[in-house]
Amino acid sequence: MLPECRINTATFSIPKFTVEKEDVEDFIDELKGFHKHFADCFSRSEPRENFFRYTVGQLSQLERKSIEPIALNIQGGAVRSMQRFVSEVIWDENKLLHKYHAIVNEDMGNSTGVLIFDESGFAKKGNDSAGVARQYCGSLGKVENCQVGVFAAYASPSGYALLDKRLFIPEKWFDDDYEVRRNKCNIPEEVAFKTKPQLAAEMLQDLQEQNVLPYKYVLGDCLYGNSPEFIGAIEKHASLIYFVGISSDTLCWLKSPITRMKEYKYKGKVHTKEVLGRTEKKPISFKTLAINTNNYFWYRRKVSEGTKGPIEYEFMRRRVVLSKDGLPQKTVWLIIKRTLGCNPTYYFYISNAPENTRLKTFVWLSGLRWAIEQCFEETKSELGMDQYEVRKYPGWNHHILTCMLAHFFLWHLKIRLGKKNTIYYAVTA
């Protein structure tokens, strides 16, 4: 059941999507029509045909959807040819993504759309896959040998879809000791180490420069909310409103403190620096503020209907002034969510939303990250996004991109055919 905050009080509700494997009339013809959009993203007919076959395999009922099973079971498939297509053939990815975003806009575009950033892990054995390392794998909930991708997703009143991706490559992969491994994985020389928030900021900038898909809100968890670079990338665009997780030890004031200029000597010269006024108090942490906030300011809200009944949290919001290096930085909304009971767990968010923004909008935004989590669940369980066996950097990007397109194609069918709840499909391998 959809959370109440996405039905009654939300700016809009996002439809749920379920997949059942039964027949859709003219499914293959629909898929061929979809693929025609991307024909000029490949230089020859052979990769165009393999592009179609690979997608057919992802949408099929094959138990495992890696290259070899697809090539052996899809009409016209050849293992060597498909391996080259996925890992070695050059695709015009920029053109493909631009066309893809235009189609997403046609089906799902909305001026109040939501852009969501998150990462997903892919467990891998061995050390030869591009960017593989022992790192936190969200799908397993622990540190494991895996690859991690950073993703951007889109959500609107018409549905949700993955928009872009970046393979996170740990910093040690750029040491001299990894040079042979980088070359073996075909990691381009121009690729440099970037943190996950930097990769997200890069995708945001690309989407802004394309100016194809409209959106109003940008969401991310603490990893992105704690990143000045990511927040700065959003704040460059005055029309965007962010709602991001933030650490509990972040410091703030409830009202802007008075500062003064103080003179000091350094190497015989007089300098000045900004400091807090003599009577001003030091900033407090978000956690301290939450614990000391009177119950009067908390509002209970039902956010979803669970198997054992409604799931409820308490919310409060305050305008606060963030502290940076002990000085006031900027004023933002602080939104705090806590569990019910004697020893609540607290969750913290900040937003640059206008001062007149109502609490119900923040409650709604706090529940929207489910859309990208649903994208991960559906592409992994139905389309084999985590079943790839490619090791090279281009292969990872190409495989993930085809999964994104296949997932959106099902949404396209749902929207085009006017299905209210479920798209039923099957592809004969």
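Here the range 222-256 is the region considered, the condition is being in contact with a Pro (Cβ under 6 Å, 6 or more places away or on another chain) and more than 30 Å from Met203 (Cβ to Cβ), and the residue that is surrounded by the most Cβ atoms within 10 Å (Cβ to Cβ) is Trp253. Might you check whether a residue that is outside any loop (DSSP other than H, G, I, E, B), assigned by TED's automatic domain parsing to the domain that holds Arg301, modelled with pLDDT of 95 or more and among the basic types (Lys, Arg) occurs anywhere in the range 360-374? Scanning the range 360-374, I find no residue that is outside any loop (DSSP other than H, G, I, E, B), assigned by TED's automatic domain parsing to the domain that holds Arg301, modelled with pLDDT of 95 or more and among the basic types (Lys, Arg), so the answer is no.
If you filter the range 377-422 down to residues that are part of a loop (DSSP other than H, G, I, E, B) and of a type in the set (Gly, Ala, Ser), you find that the one that is modelled with the highest pLDDT is Gly384. Of the helices (runs of 4 or more DSSP H) entirely within the range 24-136, those holding at least 3 residues that are farther than 28 Å from Val218 by Cβ and hydrophobic (A, V, I, L, M, F, W, C) occupy 27-36, 45-58, 67-73, 79-87. Of the strands (runs of 3 or more DSSP E) that lie entirely inside the range 200-274, not one contains 1 or more residues that are of a type in the set (S, T, N, Q) and within 17 Å of Ser366 (Cβ to Cβ).
Within the range 349-394, which residues are out of contact with any Lys or Arg (no Cβ under 8 Å at 6 or more places or on another chain) and of a type in the set (Ser, Thr, Tyr)? Residues satisfying the conditions are Ser351, Thr357, Thr361, Thr379, Ser381, Tyr388, Tyr393. Counting only residues that are free of Cβ contacts under 8 Å to residues at least 60 places away in the same chain, assigned to a strand (DSSP E or B) and more than 9 Å from the chain's Cα centre (by Cα), the range 139-168 holds 8 of them. Pairing residues of the range 96-115 that are of a type in the set (Lys, Arg) with residues that are surrounded by 17 or more Cβ atoms within 10 Å (Cβ to Cβ), at Cβ distances under 7 Å and at least 6 apart in sequence or on separate chains, gives Lys99/Phe38.
Out of the range 292-310, which residues are modelled with pLDDT of 85 or more and exposed (fewer than 12 other Cβ atoms within 10 Å of the Cβ)? Of everything in the range 292-310, those that are modelled with pLDDT of 85 or more and exposed (fewer than 12 other Cβ atoms within 10 Å of the Cβ) turn out to be Asn292, Asn294, Asn295, Tyr296, Arg300.
Per the listing Tyr393, Tyr388, the residue uniquely touching a Pro at 6+ places or on another chain (Cβ under 8 Å) and either more than 30 Å from Glu68 (Cβ to Cβ) or of a type outside the set (Lys, Arg) (or both) is Tyr393.
The values are calculated or read from the model by the stated rules, or taken from the named source; none is laboratory data. Everything quoted here is computed from the prediction, not taken from an experiment. Ideal geometry is used to build each Cβ from the backbone, glycine not excepted, and the neighbour counts take in all protein chains shown.
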